[in-house]
Amino acid sequence: MIVCWLALIVAIVGVAGGIGYGVVTGLVLWRRLKQTGRALTAELDQISRTVAQFEPQLARASASQRRLTAAVGRLQRSRKRLAVQTGALQEAQRSIRRALWFVPGV
């Protein structure tokens, strides 16, 4: 009979210890979860601040891109004009060389 009571006591102590261990482990997990949530929130806030700092720079970059596109357009038009003028100059030089073929150095 005493063995039965000892087995019952061991079983009750084992169940109580298991419940106690589960409760303590759950509390530790809860605290770590709260810490992780706070750390995650702090990091997300830092990321949000960093992104907010990039927004004006992106706006300036976009404005610079528009100016650069306009400048490239102007440059292309100028190069086309230069090509036409260079072609006209070369044609004029050829005409002068043909007309003055007898003059040395022309």
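The values are calculated or read from the model by the stated rules, or taken from the named source; none is laboratory data. On a predicted model such as this, the values are computed, not experimentally measured, just so you know. Glycine also receives a Cβ, built like all others from the backbone with ideal geometry; neighbour counts cover every protein chain displayed.
Among all residue pairs at least 6 apart or on different chains, which show Cβ distances below 9 Å where the first residue, located in segment 1-13, is at pLDDT below 90 and the second is in a helix (DSSP H, G or I)?
The qualifying pairs do not exist here.
Of the residues Ala42, Ala16, which is part of a helix (DSSP H, G or I) and either over 46 Å from the mean Cα position of the chain (by Cα) or touching a residue at least 40 places away in the same chain (Cβ under 8 Å) (or both)?
Ala16
Just the residues that are outside any helix (DSSP H, G or I) and either surrounded by 10 or more Cβ atoms within 10 Å (Cβ to Cβ) or aliphatic (A, V, I, L, M) (or both), please, taken from segment 75-105.
Answer for segment 75-105, where residues must be outside any helix (DSSP H, G or I) and either surrounded by 10 or more Cβ atoms within 10 Å (Cβ to Cβ) or aliphatic (A, V, I, L, M) (or both): Leu100, Val103.
Has segment 81-97 got at least one residue that is aliphatic (A, V, I, L, M), at pLDDT below 90 and on the phi < 0 side of the Ramachandran plot?
yes
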